[in-house]
Amino acid sequence: YGQKGYIYAIIQPDYNPKTGTLIYQIFEEKGARFGKFYFPGERRTKQKVLEREFKTLGLYEGAVYRPDKLVEVQQRLFMLGLFRTVNIKTPERVEGKQVLDVITRVEEKKPGSVSLGGGYSPSEGVRGTIGLTHNNLYKRNMKASAKFRIGTQGNLYEATLIEPWFIGRTIGSARLFEDNLEEQDNIRAQGGTASLAKRLGLSSNLAIQYKYQALRPTTGGDGLSEERRKALTTTVGSLGVSFRRDN
């Protein structure tokens with residue numbers, strides 16, 4: 001009954017030991033609906049970032065009041081990676097209100113981070129890595145990251161940008177990279193990917209991705225001349241579709 005808005009319903013069980021009968025008396029009372037949604041306090045994050053998580057779950061003014069959905073939206077707000085605490089409150093039910101406003105207060109994390117690393121291996125020599133991430137670009141929950149690796153075997157990089165609401169419920173992402181090819185360490189891959197993922201419900205999405213790579217042999221003691229190295233350079237383009245479900 002609570003999930004259908006009847007949060008004031010009274011259910012009284014009456015068991016008759018002589019007949020072995022259990023009878024429930026149900027008094028539905030009046031159903032409750034959501035009133036206004038408030039997001040007080042100063043934030044780095046735009047208010048629409050919070051509002052769209054509520055609307056995605058069908059929580060808007062006039063909708064049937066469902067306390068279980070408030071728990072779910074709290075989880076979704078945590079999953080954005082922007083907030084340290086999320087506190088969602090409504091008026092006390094004992095007041096018997098049929099229209100309940102919702103007040104959401106959040107405490108934000110710092111959106112950026114820096115990571116540093118370094119080391120040495122006999123096969124790759126000296127190398128150092130720096131990584132930069134930002135989870136709230138333009139205050140819109142856009143995610144940007146960059147990773148640079150400097151070493152005696154050459155420099156590598158990767159840069160990624162993700163817009164979680166590119167067009168409506170579509171996730172857009174772009175990535176530029178220069179890295180060693182997974183199948184062959186002596187082949188360098190340089191290129192990028194672009195993808196669009198359409199949200200299907202709360203747990204699934206269908207994505208299409210285009211990937212372009214320029215492949216060339218790396219410099220080193222492999223005995224290849226520069227002319228031969230250029231002759232072996234090629235490009236590869238691919239288009240793929242994927243389905244992802246995470247519940």
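The values are calculated or read from the model by the stated rules, or taken from the named source; none is laboratory data. In this text, all values refer to a predicted model and were calculated from it rather than measured experimentally. Positions of Cβ are generated from backbone atoms using ideal geometry, with glycine treated the same way; all protein chains shown enter the neighbour counts. Accessible surface areas use protein heavy atoms only, side chains included; no ligands, DNA or RNA. Shrake-Rupley method; radii C 1.70, N 1.55, O 1.52, S 1.80 Å.
Over 20 Å between C-alpha atoms is what I'm after, so list which of LYS69/LYS139; LYS4/LYS30; LYS46/LYS143 land there.
From the list (LYS69/LYS139; LYS4/LYS30; LYS46/LYS143), the Cα-Cα distance tops 20 Å for LYS69/LYS139.
For the stretch 141-202, taking the reciprocal of the average inverse distance between every pair of different Cα atoms yields a Kirkwood hydrodynamic radius of 13.3 Å. Amide H to amide H distances under 5 Å link ASN180 with ALA189, where only residues 5 or more positions off or on other chains count and H is placed in the peptide plane. Once the Cα atoms are used to define both axes, helix 67-79 deviates from the longest principal axis of the chain by about 20 degrees.
Loop-located GluC sites (Glu not before Pro) in the stretch 49-145 (DSSP state other than H, G, I, E, B) with a sparse environment of at most 10 neighbouring Cβ atoms within 10 Å: GLU92. With a Förster radius of 35 Å applied to the beta-carbon distance between SER203 and ASP14, the computed FRET efficiency rounds to 0.30. Placing dummy labels 7 Å off each Cα toward the beta-carbon, the span from ASN180 to ILE26 is 6.5 nm. For the chain, the longest principal axis of the alpha carbon atoms and the long axis of helix 47-56 meet at an angle near 70°.
Where does the Debye-calculated log10 I(q)/I(0) of the stretch 30-129 sit at q = 0.11, 0.12 Å⁻¹, using only Cα point scatterers of equal weight, no solvent? So the normalised log intensities are -0.45, -0.50.
Largest GNM mean-square fluctuation across TYR212, TYR15, TYR38, computed for the chain with C-alpha springs under 10 Å, falls on TYR15. Computed on the chain, with alpha-carbon pairs under 8 angstrom and 6+ residues apart, the relative contact order is 10 percent.
Compared with the alpha-carbon gap, the fully stretched path from LEU137 to ARG244 is longer by 36.0 nm at 0.36 nm per residue. Annotation: the stretch 3-57 has a Kirkwood hydrodynamic radius of 15.5 angstrom, from the mean reciprocal C-alpha pair distance. Basic side chains Lys and Arg get +1 at the Cβ, acidic Asp and Glu get -1 at the Cβ, and with that the dipole of the chain about its Cα centre reaches some 640 debye. At q = 0.09, 0.11 Å⁻¹ the log10 of I(q)/I(0) for the chain amounts to -0.63, -0.80, computed by Debye summation with a single uniform scatterer per C-alpha, solvent ignored. Residues in the chain average 66 Å² of solvent-accessible surface per residue, probe 1.4 Å, ligands and nucleic acids excluded.
Report the trypsin sites (Lys or Arg not before Pro) located in the stretch 1-90 that are in a DSSP loop and have at most 10 other Cβ atoms inside 10 Å of their Cβ, or state none. Loop-located and lightly packed - LYS18.
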